[in-house]
Amino acid sequence: MIFRLVDAQLPSLIEELADLLVDTVNGGASIGFLAPLERAAAVTWWKARVDAVPAGGLDVWVARDGDRVLGTVGLVFPDKPNSRHRAELVKLMVHRDARGQGLGRTLLATAERAAVDAGITLLHLDTETDSPAERLYGKAGWTRIGTIPDYAADPHGTLRPTSIHYKQVGPLTPAR
């Protein structure tokens, strides 16, 4: 089951989301952290996002299987008037136990549909070049617009290139 977190839900799921973040990073995914990621650091990272959900700057979806969080994805919304038509797709994570079963694609599609429903017409993201995540985005119709060499360290500390992607998800409308 995939659901969008509402204001009071993020604090109640921080421990489980931290476990997912630790598993994702320690499993080799390059999402901004170095391995081994300590659980306390993952909890702190999620706690820092709690206020962004009710403030409207962040939407988060969670995939559960029974009582366990298996995946998540987020959309970050800009706060400037000239950019309210776009959002950044962030932290698409799938637990190692659930990979290869289409959950990443389902989470991505969920965020894309929600963006359209929110009036977003353009999504963008960055991801490690030639990673499994980049292959997922390519198969889902995202367009790579460029690569930045040595942009970020992978979980093992090696500098890797990052690719920037975008996807038009809704009809173009003038800024309001």
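A few comments on the model shown:
- Residue match in segment 49-67 (condition: loosely packed, with under 14 Cβ neighbours inside 10 Å and among the basic types (K, R)): no
- All positions within segment 119-176 that are assigned to a loop (DSSP other than H, G, I, E, B) and surrounded by 14 or more Cβ atoms within 10 Å (Cβ to Cβ): I120, T121, T129, S131, A140, W142, D154, P155, V169, G170
- Here T44 fulfils each of the conditions (1) within 15 Å of the chain's Cα centre (by Cα); (2) part of a helix (DSSP H, G or I); (3) among the polar types (S, T, N, Q) apart from (1).
- Single condition P54 does not satisfy, out of (1) farther than 26 Å from T121 by Cα; (2) touching a residue at least 24 places away in the same chain (Cβ under 8 Å); (3) part of a helix (DSSP H, G or I): (1)
- Answer residue from segment 71-92, given it is within 12 Å of the chain's Cα centre (by Cα) and charged (D, E, K, R) and is farthest from L58 (Cα to Cα) among those: K91
- Candidates L21, L34, filtered to the one that is in contact with a helix residue (DSSP H, G or I) (Cβ under 8 Å, 6 or more places away or on another chain), surrounded by 17 or more Cβ atoms within 10 Å (Cβ to Cβ) and not in a strand (DSSP E or B): L21
- Residue within segment 93-111 that is in a strand (DSSP E or B), within 15 Å of the chain's Cα centre (by Cα) and in contact (Cβ under 8 Å) with a residue 24 or more places away in the chain present: yes
- Failed condition for A42, given (1) surrounded by fewer than 18 Cβ atoms within 10 Å (Cβ to Cβ); (2) out of contact with any Gly (no Cβ under 9 Å at 6 or more places or on another chain); (3) small (G, A, S): (1)
Only the coordinates and a few stated rules stand behind these numbers; no lab work does. Just so you know, these numbers come straight off a predicted model, no measurement behind them. Quick reminder, even Gly has a Cβ in these numbers, built from the backbone with ideal geometry, and neighbours come from all protein chains shown.
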